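Read through the structure below, which is laid out as structure tokens, and then see the notes.
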């Protein structure tokens, strides 16, 4: 018997061994999607990390006070959270590809215009525009991988997670050198050019979809799953153990990681007595760990029938590091390295968006739900630590509270990772 694999262009590959079907080419019939996903992944954080090193310049130029700067600091998680709830609705109405195009258009518009506006209010509005676009992109990446790369989900999720981390690191590294050469406005706008370029492949993909018709979802999806796709609103998601568990896991990860990004250098100096240079080194170890964890976590998760042990390890990593800080055990770089292993929680969640759903629509629904709740929790993380420190005058209490999140995060991981349970099955 001869098996045939047909791509969107109409060409086919003949397979003579039905037990070992030929793996489709990575590029064949999906080049625009591949380029679009690469550009989408690397442009989901530059409006955040590219601004931080230049914030003093922006404040001086626009007359932004402490309250305005605080608001700007809270915008990323608030916008990402709001976009998380909004994205699945948009995906159901216009499709994942159109949502990706909208994401990069908003990101490019806000990023390219805001440095050249002589108004703090308009600067904040354009920041919201850019961050909302990036929030939509956060959600739509996993469903697009599920739809177009069912044969390479582990690799493509890993690539997407790595690009997100690179897109957070590189703008922060280049912000000051570019500003010193071309000025802070050019530096702040520069990464928006990539978002603008990303409009091209997504536009090409939409024209291709209109020409050839929609791409079928991956083989092996439940025959009844499409009937469930229209039943994945918020009222259904809150009753799903898979969705609730994923959201809880993502929320606790966000609360901890954003708290550490805000307060870890201060904790290292005030609680452990490190000088500014040593604290900077230890903090850089913490942030660097997101890169290797983004690489290995999705690959490991896709190899495991039950990823619960991996979820539990990531849930415990941060608290173990916090205990090392509380009791002063080991060198600072080592405890921050241990705590930094928790950075694998985000790529694990992205992998689980696809591993615990049957359809791209289900992936978008659970991704939006988890990110919506998760990023709002991320907003609370720094506020909680600052309030506890102001109340107690010590970082011990905040660290104990953060360490206690190992319990709900592990419970969420158990609900999320349970094998054989898929989001859509409950609503068929």
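Restricting to DSSP H runs of at least four residues, report the calculated mean residue ellipticity at 222 nm for the chain, -39500 (n - 2.57) per run over all residues, nearest 500 deg cm²/dmol.
Numbers: 20 runs with 318 residues, N = 428.
Helix-only estimate at 222 nm: -24500 deg cm²/dmol.
Listing 26, 163, 196, 232 from the residue with the fewest other Cβ atoms within 10 Å to the one with the most, what is the order?
Numbers: 26 13, 163 21, 196 18, 232 26.
Ranked by crowding around the Cβ, least crowded first: 26, 196, 163, 232.
What does the range 106-167 give for Rg and for Dmax, in Å, if only its C-alpha atoms count?
15.3, 49
What list do you get for 305, 28 if you sort them by fewest beta carbons within 10 Å?
Numbers: 305 8, 28 13.
If I rank by nearby Cβ atoms, fewest first, I get 305, 28.
Using alpha-carbon positions, what is the distance between the centroids of the range 165-204 and the range 352-419, in Å?
Using only Cα atoms, the two centres lie 29 Å from each other.
Rounded, prolate or oblate: which one fits the range 269-326, using the alpha carbon gyration tensor with axes a ≥ b ≥ c (rounded when a/c is under 1.5, else prolate when a/b beats b/c, else oblate)?
Values: a/c = 7.26, a/b = 2.03, b/c = 3.58.
Taking the square roots of the gyration eigenvalues as a ≥ b ≥ c, the range 269-326 is oblate.
May I ask you to order 346-357, 101-112 by the average number of other C-beta atoms within 10 Å around their residues, highest value first? Before the final figure, lay out the partial values.
Numbers: 346-357: 27.3, 101-112: 23.8.
Highest mean packing first, the order is 346-357, 101-112.
Compare the peptides 410-417, 332-339 by average per-residue count of other Cβ atoms within 10 angstrom and give them in order, highest first.
Details: 410-417: 23.2, 332-339: 21.4.
Highest-to-lowest ranking by the protection proxy: 410-417, 332-339.
What length, rounded to one decimal in nm, is gained on full extension from residue 152 through to residue 387, with 0.36 nm per residue of separation minus their alpha-carbon distance? Numbers along the way, then the final one.
Numbers: separation 235, 0.36 × 235 = 84.60 nm, distance 4.49 nm.
Roughly 80.1 nm would be gained on extension.
In whole Å, how far is the Cα centre of the range 270-322 from that of the range 41-89?
After rounding, the separation between the Cα centres reads 24 Å.
Convert 4 °C to kelvin, take the viscosity as 1.567 mPa s, use the Kirkwood radius over C-alpha pairs of the range 99-221 as Rh, and evaluate the Stokes-Einstein diffusion coefficient in µm²/s, rounded to a whole number.
On the way: Rh = 16.1 Å.
After rounding, the answer is 81 µm²/s.
Among rounded, prolate and oblate, which fits the range 26-100 when a ≥ b ≥ c are the square roots of the eigenvalues of its C-alpha gyration tensor, a/c under 1.5 means rounded, and a/b larger than b/c means prolate?
Numbers: a/c = 4.27, a/b = 1.91, b/c = 2.23.
Oblate.
So how do 358, 211, 92 line up by other beta-carbon neighbours within 10 Å, fewest first? Mind dumping the intermediate values first?
Details: 358 25, 211 8, 92 17.
With the sparsest Cβ surroundings first, the list reads 211, 92, 358.
Return one quarter of the surface area of the convex hull spanned by the alpha-carbon atoms of the chain, equal to its mean projected area, in nm². List each step's numbers first, then the result.
Details: hull surface 85.5 nm².
Hull-based average projected area comes out at 21.4 nm².
Compute the helix-to-body angle for 276-288: its Cα long axis versus the longest principal axis of the chain, expressed 0 to 90° and rounded to tens.
With rounding to tens, the tilt is 10 degrees.
Since every read-out is calculated from the coordinates, none of them should be taken as a lab result. It should be emphasised that the depicted structure is a prediction, and the values quoted were computed from it without experimental measurement. Cβ atoms come from the backbone with ideal geometry, glycine included; neighbour counts cover every protein chain shown.
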